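Asker: This structure is in C-alpha cells; I'll ask about it shortly.
The values are calculated or read from the model by the stated rules, or taken from the named source; none is laboratory data. Computed from a prediction, not measured in an experiment: that's the story for all the values here. Here Cβ is always computed from backbone atoms with ideal geometry, including for glycine, and neighbour counts include all displayed protein chains.
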Amino acid sequence: MAQEIDHSLVLRITEALERLAPRKAAAADLGGYSAFVWHASPPELEPVPRVNRVDLSLLRGIDLTRDILIDNTERFARGLPANNALLWGARGMGKSSLVKAAHHAINEASGGALKLVEIHREDIESLPVLMSIIRRNPDFRFIVFCDDLSFDADDTSYKSLKAALDGGIEGRPSNMIFYATSNRRHLLPRDMIENERSTAINPSEAVQEKVSLSDRFGLWLGFHNCSQDEFLEMIEGYAKHYGLKVAPEQLRAGAIEWQATRGSRSGRVAWQYIQDLAGKLGQRLDG
C-alpha cells in the first residue's frame, strides 16, 4: 500500500530549493541615478540618491594623481581606451574621495551616462554577475569601485578578481572599468608574500602568483603623507569653501595644534579639524 504523500513536507522542500536556486538580479533604474551599491545576495544594484563626496577643488596635495585619474576617466567616458586604476598608499589622503569626485566631474560633463557602482570587498566573488548586468546595458558606462581592497592570508577570492579583470572567455565588458583603493601596493600583506616565498616549491612562481593581481591595474597611483604646508593648504581651502569666520592666524595655529595632538597630517585629519572648528564657531558645513 502506497504511503500517503506529506504535502506540507513537499511544500517545505520546494521552498527550500527555491531559496537555494540562483536568483536573477533585480532590475535597476540606471537612467534615474548616477551611483549604485552592488549587493551580491540577492543580486541587486541599489541606487544612491546622494553620494557622500567632496568637491574636486578641495582635494589638495595630490595634483599629479588627480590629473592622471581625471584624464583616464574622461577617456573612458568618451569610449576611448582606458586602464583599471589602483589608488594605493597613505591613509586619509583622499583616495576614495578622488574616485567619487572624478566620477561626479566627468559625469556632469558627459550628460549623465557614466555610472559609479561600489562593490564591497566581501562581494568580490560576485563580480562576474555584476559584469553580466553591465554587459547588457551598453548605453551606459560603469566605473566599478572597491574601497579599501585587500586580501588576508587564507583568502583566495583574489583569484576571482584576477579572473574578472581579465574577463575570462568573454573579456571585460567594454563599458566597464575597475577602480580600487588600498593601503597596500600589491593588495596582499607582506608576511603573506614572504610566507609563499619561504614555503613554496618554486618561490619565484608562488610570489608572482600573489603579486600579479596588481598587474591587472594599468594605473598605479601612489598617495603619500602630506607636508605641513600641504596640510595647511587643505585647511585653508576648506575654510574658504565653507565660509568659516575665523582669522587666518587663528586658523593656522589651531590646525598645527590639532595635527600635533593627532600625531599625523592627512586630508582626513584636516577635515576632522574643520568639523571641530565649525562646531565651535556655531557654523554649519552645508554644500
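Asker: All but one of (1) buried (at least 18 other Cβ atoms within 10 Å of the Cβ); (2) of a type in the set (G, A, S); (3) at pLDDT 95 or above hold for S266; state the number of the condition that does not hold.
Answerer: (3)
Asker: Give just the number: which of (1) touching a helix residue (DSSP H, G or I) at 6+ places or on another chain (Cβ under 7 Å); (2) in a loop (DSSP other than H, G, I, E, B) does L232 not satisfy?
Answerer: L232 satisfies all of (1) touching a helix residue (DSSP H, G or I) at 6+ places or on another chain (Cβ under 7 Å); (2) in a loop (DSSP other than H, G, I, E, B) except (2).
Asker: Something else: With the requirement that a residue be surrounded by 23 or more Cβ atoms within 10 Å (Cβ to Cβ) and under 18 Å from D63 (Cβ atoms), what does the stretch 77-96 give you?
Answerer: A85, L87, M93, G94, K95
Asker: Being at pLDDT 95 or above and either assigned to a strand (DSSP E or B) or touching a helix residue (DSSP H, G or I) at 6+ places or on another chain (Cβ under 8 Å) (or both) is true for just one of L277, L285. Which residue is that?
Answerer: It is L277.
Asker: Pairs please, first residue from the stretch 105-128 and over 22 Å from I68 (Cβ atoms), second anywhere and hydroxyl-bearing (S, T, Y), Cβ atoms under 7 Å, 6+ apart in sequence or on different chains.
Answerer: G112/S34; I124/S157; I124/S160; E125/S157; E125/S160; L127/S160
Asker: For the structure I just gave you, tell me whether G112 is over 24 Å from Y158 (Cβ atoms), touching a helix residue (DSSP H, G or I) at 6+ places or on another chain (Cβ under 7 Å) and either not basic (K, R) or not in a loop (DSSP other than H, G, I, E, B) (or both).
Answerer: no
Asker: Here is a follow-up. Please go through (1) in contact (Cβ under 8 Å) with a residue 60 or more places away in the chain; (2) over 17 Å from the mean Cα position of the chain (by Cα) for S97 and return the number of the only condition it doesn't satisfy.
Answerer: (2)
Asker: Let me ask something additional. Could you tell me whether any residue of the stretch 104-113 is closer than 24 Å to A40 by Cα and in contact with a Leu (Cβ under 9 Å, 6 or more places away or on another chain)?
Answerer: Checked against the condition, which is being closer than 24 Å to A40 by Cα and in contact with a Leu (Cβ under 9 Å, 6 or more places away or on another chain), the stretch 104-113 yields no hits at all.
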